[in-house]
Structure formats: structure tokens, C-alpha cells
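Read through the structure below, which is laid out as C-alpha cells, and then see the notes.
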Amino acid sequence: MRVRLTEQTWSTLISKVRLGRDEYRVVRPARAVKHAMLYEGRLGAELSVDKQAAVVLAMAWGLAARSPHSLIYLPLRTARPADSANQERLLDLVLLHHRLAFPVSRWKQVRARLGAGRPHGVTLPPQAFRRRADADQRRWAHQGFRDHLRWDIAADTLFLIGSREAFELEADSVRALAEDCPAHLATGPGTHCCAEITMGRARMHPDRRRPWAELHVEYCQCRR
């Protein structure tokens, strides 16, 4: 049966962590993401997901666009599939709105203080995963474009930071991983099903602080 993201309720835990005068709201899955693996790759970062992990990623992505005061945290470092021979350094993933202006250097302290968290169910509206017009996608190549996803790595965590627009421009490809890839692989087991998410400024307009990179997310049928 096909997954419909707008019919899903994502079970999460919400923690509020205070550091000095600042308080941070962190949202994370209530249940462990068992079959996903994120690590640095040749062009940026590589992430493999199974059916359940693809749904979690998509729900987290839609929430990040609509929750400008929260850090959306996916603990993935312990999610290495049992049959994996990959020995790369594994990473967690945090998605956040740029308005939060969160210093990634504080993440290790925040993560250590999360505690048990408060249960919360997340549902998202249909427009969270709408397909954007091709003209919207082409704006990325313009020199004046500012809605790119910035990225950073700290405390074994990949941070993706951007505006609502930045997350929404990539939302349809993330949606397809959860909703479309299972059917593609059912009819063609050898099909390569992935999302290629652009991070940083366009190559033709480089930014030394936020260079172009790519998050390659591959859907896989991991053995349980």
C-alpha cells in the first residue's frame, strides 16, 4: 500500500534546553530510526534510507520548513544496517530554519541535555510537499538567489540550514523517496531511486564560507 505523507502522524519527542539566557526547542523521533546511514561523501554527504526512514526524513523536512523556532534532530549514527560494510564516520542530521541563528558549536551541549522529552504527534498539510514550478527551480542558478540550503558539520552532525523556501524547493524530491520509491523498486528491483539535494551556493557563483555540495539520498531495501 502506498504511503501518503499527508495522512501520517509522526510520533516525536520535544525537549527544551536552556544554555545561559537562550532556550532551544528540539524535536526528534520518538522511536529509533533503525535503517538509515549518513556519512560524508565525495561530493558532500551520502544518506541511505529504507521505507520507514524515508517517511521520517520527509516528515522532518516538512516540519523544518514550518517550525522556524525548532531544531529537527534525526539521530542516525547508531542506525547502521546490520549488513553494512561501510566504515565511514557516521553522522546525525539536524534541520533548522536560518531565522533561529543557532551556533552549531553549541550543539554538543544541547544534545547532551535533551532528557526524556515530551511526546508530540506531527501532521503536515498537503502543501508541505507540493511540486514547485520549474521556474522556481531555475532561480537557484541566479547570482542574487539567497534561498539555498546552507550546511555545516559539528559534533558528528550534518546541519542543513535555510528558509522555508529553501526547504520547500527540495521537498518534492524528498516526498518522492517515501511515496514513490517503494512502488518503483517493486516493479524494477534494480532501479536507482534517489534524491539529489543541493547544499550551498551554485557552482557558478561560489561562496567560500558555504561552498556547493550535494546530499545524495538513496532509497534502499535494507534487510531487517
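For the reader, a short list of remarks on this structure follows.
- Within the span defined as the stretch 27-40, every residue fails to be among the basic types (Lys, Arg) and assigned to a helix (DSSP H, G or I).
- Failed item in (1) aliphatic (A, V, I, L, M); (2) touching a Ser or Thr at 6+ places or on another chain (Cβ under 8 Å); (3) not in a helix (DSSP H, G or I), with Val3 passing the rest: (2)
- In the stretch 35-74, the residues that are over 29 Å from Pro211 (Cα atoms) and without any contact (Cβ under 8 Å) to a residue 60 or more places away in the chain: Gln52
- Residue within the stretch 82-98 that is outside any strand (DSSP E or B), closer than 24 Å to Ser173 by Cα and touching a residue at least 40 places away in the same chain (Cβ under 8 Å) present: yes
- Total residues in the stretch 149-181, condition open to solvent by less than 20 Å² (accessible area, probe 1.4 Å), of a type outside the set (A, V, I, L, M) and either touching a Cys at 6+ places or on another chain (Cβ under 6 Å) or part of a loop (DSSP other than H, G, I, E, B) (or both): 2
- Beta carbons closer than 6 Å, at least 6 apart along the sequence or on distinct chains, pair a first residue in the stretch 136-161 that is at pLDDT 90 or above with a second that is surrounded by fewer than 15 Cβ atoms within 10 Å (Cβ to Cβ) and not polar (S, T, N, Q) for Ala155/Lys108.
- Output for the stretch 1-29, where each listed residue is in contact (Cβ under 8 Å) with a residue 24 or more places away in the chain, surrounded by fewer than 14 Cβ atoms within 10 Å (Cβ to Cβ) and among the aliphatic types (A, V, I, L, M): Leu19
- For Arg31, the criteria (1) at pLDDT 90 or above; (2) touching a Lys or Arg at 6+ places or on another chain (Cβ under 8 Å) hold in every case but one, which is (2).
- Hits in the stretch 49-67 (condition: at pLDDT below 95 and open to solvent by 20 Å² or more (accessible area, probe 1.4 Å)): Lys51, Gln52, Arg66
- Selection count where residues are crowded, with 16+ Cβ neighbours inside 10 Å and at pLDDT 90 or above, scope the stretch 78-103: 10
- As a summary of the residue check, Glu196 satisfies the conditions (1) touching a residue at least 60 places away in the same chain (Cβ under 8 Å); (2) open to solvent by 20 Å² or more (accessible area, probe 1.4 Å) except for the one numbered (1).
The values are calculated or read from the model by the stated rules, or taken from the named source; none is laboratory data. Only a predicted model underlies this, so the values are computations on that prediction, with no experimental measurement involved. Every residue, glycine among them, receives a Cβ derived from its backbone with ideal geometry; neighbour counts consider all protein chains shown. Heavy atoms of the whole protein, side chains included, go into the accessibility calculation; ligands, DNA and RNA do not. Shrake-Rupley method; radii C 1.70, N 1.55, O 1.52, S 1.80 Å.
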